[in-house]
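> Take a look at this one; I'll ask things after.
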Amino acid sequence: MLVGSSKHLLDVDSLSSDQIRDLVENAREFRTLRAATQFKSDILRGISIYTLFFEDSTRTRVSFEHAGKALGADVINISASTSSVNKGESLLNTSVTLDSMGVDALVIRHPHSGAPHFVAQHVNATVINAGDGAHAHPTQALLDVMTLEEAIGNLHGAKLALIGDIRYSRVARSDIIAFRKMGVEIAIAAPATLLPNDWTHGVNSLGVANSDVTVHGSVEDAVRDADAIMCLRLQLERQSAGLLPDVNEYSRVWGMNSQRLALAKPDAPVMHPGPMNEGLEISTDIAHGGRSVITDQVQNGVAMRMAVLEHFCATLG
Ligand code: NCD
């Protein structure tokens, strides 16, 4: 059982490696149960969960809904575009309104870093961060740990190449923190404009220590002898103009393709959090090839969110 957890899941920073291991183990049990039967539990019966998404999402929102319903919770989805947010209601007023309706847990995605932390200070509900700006995406990092461990076995001492938009990707930051806790060595490759701009000052603006990663000047150098590869989506919606000369050039220099994959260890799996820009950060043959574990990530996403909801919500209500 997990010990010493806080009420909210705002980032992976707050989780110990033992807690991550426990969540992964519980997620595996849920996955097995779901595969074997028409699994339906009442662990969260009577618990209401609202998903409040201020940014687009397919897999994260749907998997939280799936997970909550499989555990017997009442799940209500609220998208900013069809709520009073469209009439100008603030994040604070929206959250307080939902809190007043007696919601037990709010699953929030927001374009601004820190938004779920802000909400957590003003509501009684448990807050689960489903991605805030370029800051954090804790459940993605947890499902990535689960997926990689299954793909390669022991994580301790393994080398993960993380390629692409490190600066604006919340997955990059949460993955680095979670994988470092599990003893994974991280090799990064990105254009200089897509690295945190104060990377050279000990701890960068995303709160990741420089000593936690090795930064390479080319994909080839990062991927060489890697045990696994994670490609990141170009976060064009968060980038200001002028960071990339041209997306075709980006694909040519930084995209994952079969020549580059051949430099990694023979069976090194390839991950991508999705949604993918195929042909840009990852070639189609790799995205859908035998080394891709991208659909495993999606499948594990439901199981991991069941484990997270069980842990953070089972005592509510
Ligand atoms: C990620 C996100 O929203 O941060 N997607 C996801 O949740 N699977 C990655 C991305 O959008 O690039």
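> Quick check, is G72 in contact (Cβ under 8 Å) with a residue 12 or more places away in the chain, surrounded by fewer than 16 Cβ atoms within 10 Å (Cβ to Cβ) and in contact with a Lys or Arg (Cβ under 8 Å, 6 or more places away or on another chain)? Before the answer, list the steps.
On the way: in contact (Cβ under 8 Å) with a residue 12 or more places away in the chain: yes; surrounded by fewer than 16 Cβ atoms within 10 Å (Cβ to Cβ): yes; in contact with a Lys or Arg (Cβ under 8 Å, 6 or more places away or on another chain): yes.
In short, yes.
> Please specify each residue of the stretch 115-156 satisfying the condition of being within 14 Å of the ligand (Cβ to nearest atom), assigned to a helix (DSSP H, G or I) and of a type in the set (V, I, T).
Answer for the stretch 115-156, where residues must be within 14 Å of the ligand (Cβ to nearest atom), assigned to a helix (DSSP H, G or I) and of a type in the set (V, I, T): T139, T147.
> Has the stretch 19-39 got any residue that is part of a loop (DSSP other than H, G, I, E, B), in contact with a helix residue (DSSP H, G or I) (Cβ under 8 Å, 6 or more places away or on another chain) and open to solvent by less than 40 Å² (accessible area, probe 1.4 Å)? Break it down stepwise before answering.
So the first thing to find is which residues in the stretch 19-39 are part of a loop (DSSP other than H, G, I, E, B), and the list is 37-39.
From what's left, in contact with a helix residue (DSSP H, G or I) (Cβ under 8 Å, 6 or more places away or on another chain): 39.
When the remaining residues are screened for being open to solvent by less than 40 Å² (accessible area, probe 1.4 Å), the result is none.
No, because not a single residue in the stretch 19-39 is part of a loop (DSSP other than H, G, I, E, B), in contact with a helix residue (DSSP H, G or I) (Cβ under 8 Å, 6 or more places away or on another chain) and open to solvent by less than 40 Å² (accessible area, probe 1.4 Å).
> One residue is enough: does the stretch 239-260 have a residue meeting the conditions of a type in the set (A, V, I, L, M, F, W, C), assigned to a helix (DSSP H, G or I) and modelled with pLDDT of 90 or more? Give the steps one after another, and end with the answer.
Narrowing the stretch 239-260 to residues of a type in the set (A, V, I, L, M, F, W, C): 241, 243-244, 247, 253-254, 256.
Filter once more, keeping what is assigned to a helix (DSSP H, G or I): 247, 253-254.
Checking which are modelled with pLDDT of 90 or more leaves us with 253-254.
Scanning the stretch 239-260 turns up at least one residue that is of a type in the set (A, V, I, L, M, F, W, C), assigned to a helix (DSSP H, G or I) and modelled with pLDDT of 90 or more.
> Here is a further query. Among the numbered conditions (1) crowded, with 18+ Cβ neighbours inside 10 Å; (2) modelled with pLDDT under 95, tell me where S81 comes up short.
Only one criterion in (1) crowded, with 18+ Cβ neighbours inside 10 Å; (2) modelled with pLDDT under 95 is unmet by S81, namely (1).
> OK, next. Can you tell me which residue within the stretch 43-56, out of those that are away from the ligand (no atom under 16 Å from the Cβ) and open to solvent by 40 Å² or more (accessible area, probe 1.4 Å), is farthest from L142 (Cα to Cα)?
Selected residue: G46.
> Based on this model, can you work out whether R59 counts as closer than 20 Å to G301 by Cα, open to solvent by 70 Å² or more (accessible area, probe 1.4 Å) and touching a residue at least 12 places away in the same chain (Cβ under 8 Å)?
Working: closer than 20 Å to G301 by Cα: yes; open to solvent by 70 Å² or more (accessible area, probe 1.4 Å): yes; touching a residue at least 12 places away in the same chain (Cβ under 8 Å): yes.
Against the criterion (closer than 20 Å to G301 by Cα, open to solvent by 70 Å² or more (accessible area, probe 1.4 Å) and touching a residue at least 12 places away in the same chain (Cβ under 8 Å)), R59 qualifies.
> Continuing with the same structure: Restricting to the stretch 116-133, give me the number of residues that are surrounded by fewer than 24 Cβ atoms within 10 Å (Cβ to Cβ) and within 16 Å of the chain's Cα centre (by Cα).
1
> Taking the stretch 223-257 only, how many residues are under 12 Å from G279 (Cβ atoms), within 16 Å of the ligand (Cβ to nearest atom) and open to solvent by 40 Å² or more (accessible area, probe 1.4 Å)?
1
The values are calculated or read from the model by the stated rules, or taken from the named source; none is laboratory data. If you're wondering where the values come from, they're calculated on a predicted model, not measured in any experiment. Heads up, the Cβs are rebuilt from the backbone with ideal geometry, glycines too, and the neighbour counts pull from every protein chain shown. Please note that ligands, DNA and RNA were not included when accessible areas were found on the heavy atoms of the full protein model with its side chains. Shrake-Rupley method; radii C 1.70, N 1.55, O 1.52, S 1.80 Å.
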